[in-house]
1. Scan segment B:27-35 and give yes if some residue there is more than 15 Å from the chain's Cα centre (by Cα) and surrounded by 13 or more Cβ atoms within 10 Å (Cβ to Cβ), otherwise no.
2. Do we find a residue being touching a helix residue (DSSP H, G or I) at 6+ places or on another chain (Cβ under 6 Å) and farther than 16 Å from residue B:5 by Cβ anywhere in segment B:47-70?
3. Yes or no: segment A:86-98 includes at least one residue that is in a helix (DSSP H, G or I) and either more than 8 Å from chain B (Cβ to nearest Cβ) or over 17 Å from residue A:2 (Cβ atoms) (or both).
4. Out of (1) touching a strand residue (DSSP E or B) at 6+ places or on another chain (Cβ under 8 Å); (2) in a loop (DSSP other than H, G, I, E, B); (3) within 14 Å of chain B (Cβ to nearest Cβ), what's the single condition that is false for residue A:47?
5. Evaluate the following for residue B:47: is it away from chain A (no Cβ under 14 Å) and not in a loop (DSSP other than H, G, I, E, B)?
6. Restricting attention to segment B:8-23, and to residues there that are more than 14 Å from chain A (Cβ to nearest Cβ) and in a strand (DSSP E or B), which single residue is surrounded by the fewest Cβ atoms within 10 Å (Cβ to Cβ)?
7. Can you name the residue in segment A:14-32 that is at pLDDT 95 or above and part of a loop (DSSP other than H, G, I, E, B) and, of all such residues, is farthest from residue A:82 (Cα to Cα)?
8. Applying the selection to segment B:72-90, what residues are without any contact (Cβ under 8 Å) to a residue 60 or more places away in the chain, out of contact with any helix residue (DSSP H, G or I) (no Cβ under 9 Å at 6 or more places or on another chain) and assigned to a strand (DSSP E or B)?
């Protein structure tokens, strides 16, 4: 079955620490990978996406993600987190019918000031 | 530009009662999604519309859930009768899919409706 796995349920970091959130997907077709973020009290919004080309993609607010085909991974990174990065992060990949996405369970990031 | 609008934001009902959620997508967006999000989980697709056509409703529990998107704009999701296990956040999202059926474009999410069934 198609699935998206996020390894960490809750990550707690201090400001300026580096961040890496894991995401693995099981999908053998055309790769379209996404990271969405939900800040406290706000809507889910797109952080970054990968469709093709350079496997290192850059998103908003200094986030980046690397697509590693051999590992079926699309990990999210940020060199130095800020308190304002406190949010829940969801990885998504194609699943089900063409055009549908499957979301991971999410990783809650808490950044201590 | 206005975002995806959902109402109500919160709804508390007793089990076996009916409930309806409304969604107004971003103007011009042809694809509309309804998702269910349980606590501690990611969104799970219930139904996807392309214009007024439901192109994927395979995950919609059709014995109690129904949805419509008349005129290919607003959409309503209904549950009748509601059960305790239906307590969750119901999200609506929309996207502009110029690439044809089955393209993967950015989805814009609404604030969701938090349903509590007592």
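The values are calculated or read from the model by the stated rules, or taken from the named source; none is laboratory data. The structure displayed is predicted, hence computed values, not measured ones. Reconstructed Cβ throughout: ideal geometry from the backbone, glycine too, with neighbour counts over all protein chains shown.
1. The answer is no, given that none of the residues of segment B:27-35 is more than 15 Å from the chain's Cα centre (by Cα) and surrounded by 13 or more Cβ atoms within 10 Å (Cβ to Cβ).
2. yes
3. No - not one qualifying residue is present in segment A:86-98.
4. Just one mismatch for residue A:47, condition (2).
5. So residue B:47 fails the test.
6. Here the answer is B:12.
7. A:22
8. Within segment B:72-90, B:75, B:77, B:88, B:89 meet the criteria.
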